[in-house]
1. Enter the angle in degrees (range 0 to 90, nearest 10) between the Cα long axis of helix 143-154 and the first principal axis of the Cα atoms of the chain, meaning the one along which they spread out most.
2. Considering only Glu208, Glu66, Glu80, give the residue with the highest GNM mean-square fluctuation for the chain, with springs between Cα atoms whenever their separation is below 10 Å.
3. Given a Förster radius of 25 Å and the C-beta distance between Leu73 and Glu144 as r, what FRET efficiency does 1/(1 + (r/R0)^6) yield to the nearest 0.05?
4. Along segment 192-205, what does the Karplus equation 6.51 cos²θ - 1.76 cosθ + 1.60 (θ = phi - 60°) give for ³J(HN,Hα), rounded to whole Hz, x for Gly and Pro?
5. Under 15 Å Cα to Cα from Lys41, which aspartates and glutamates show up? Leave out anything in the same chain fewer than 8 places away.
6. What is the calculated FRET efficiency for Ala91 to Thr47, with r their C-beta to C-beta distance and R₀ = 22 Å, to the nearest 0.05?
7. For segment 4-104, what does the alpha-carbon gyration tensor say about shape, rounded, prolate or oblate, given a ≥ b ≥ c as the root eigenvalues, a/c under 1.5 as rounded, and a/b over b/c as prolate?
8. Out of (i) 1, 7, 15, 20, 21, 17, 11, 5, 2, 0, 0; (ii) 1, 7, 14, 17, 18, 16, 13, 8, 4, 2, 1, 0; (iii) 1, 6, 12, 12, 10, 9, 8, 7, 7, 6, 5, 5, 4, 4, 2, 1, 1, 0, 0, which label holds the value of P(r) over Cα pairs in 5 Å bins from 0, in percent that was computed here?
Amino acid sequence: MADTVRITGMKERGGVFQISLSDRSDPIPVDPLIVARHRLKEGIVLTSPQVADLVREAELSACDREVARLLALRPHAIGEVRLKLQRKQFASDVVTGIVRKYEQKGLLDDGHVAMMLARATLERHPAGRSYLVAVLRRKMIDRELAEQTVDLVLGDRDETEIAYAALMQRRRLFVSSTEIEVESVRRKAYTFLSRRGIGYAPAKAAFERLLKEQEKTDPQ
């Protein structure tokens with residue numbers, strides 16, 4: 001890098017200034033607050049250390065904006081945020097600093113995210129422990145926290161009732177009219193519940209309950 005660098009252009013786009021420098025081809029996206037603080041304008045000359053500081057501030061600001069954007073969409077686990085920031089190619093120390101900032105503000109909280117996600121998943125897709133833990137792990141929740149959270153959410157809920165609720169959500173798939181069809185549907189139901197993390201015994205009990213209710217409504 002040259003000893004001095006000139007600002008060759010400044011254009012505001014999407015709430016940030018795209019600042020072109022004489023020593024590089026790509027402009028730097030800079031927050032308006034940074035522009036105002038350093039009194040930046042087209043034509044001024046910056047020293048190498050000033051450019052380095054500007055680039056660093058700009059990256060911190062961009063990283064901060066990206067986290068704010070992600071959290072505005074939905075709650076995120078810390079691991080999710082880190083991964084998405086890394087994919088944006090922010091420096092690791094920048095990512096660490098910004099993530100810590102949001103943690104300290106209470107805006108990144110894996111315990112809160114895990115609890116919300118486990119409850120919402122159980123409501124939408126009744127499932128057993130292993131399935132719920134897997135859902136949390138896919139969102140990069142620590143395994144120990146995921147298991148503790150799922151145990152709290154499930155509490156003393158009867159696994160047979162969970163299995164029955166899962167079957168009721170897909171009841172049309174498990175309707176049968178002949179004895180041969182019953183066995184085929186039974187296998188389908190067991191496979192479905194197994195994928196939801198439900199064991200054989202509660203799956204069997206739930207299916208038999210569904211079958212009896214079907215027989216009551218359609219004795220033929």
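Nothing in this text is a laboratory measurement; each read-out follows from the coordinates by a stated rule. Everything numeric here is computed off the predicted structure, so don't read it as measured data. Positions of Cβ are backbone-derived with ideal geometry, glycine not excepted, and every protein chain shown enters the neighbour counts.
1. 50 degrees
2. Glu208
3. According to the calculation, E is roughly 0.40.
4. 4, 5, 4, 5, 8, x, 9, x, 4, 4, x, 5, 4, 4
5. Glu12, Asp31
6. Result of the calculation: an efficiency of 0.55.
7. Values: a/c = 2.45, a/b = 2.06, b/c = 1.19.
Note, shape of segment 4-104 comes out prolate.
8. Here P(r) over Cα pairs in 5 Å bins from 0, in percent agrees with entry (iii).
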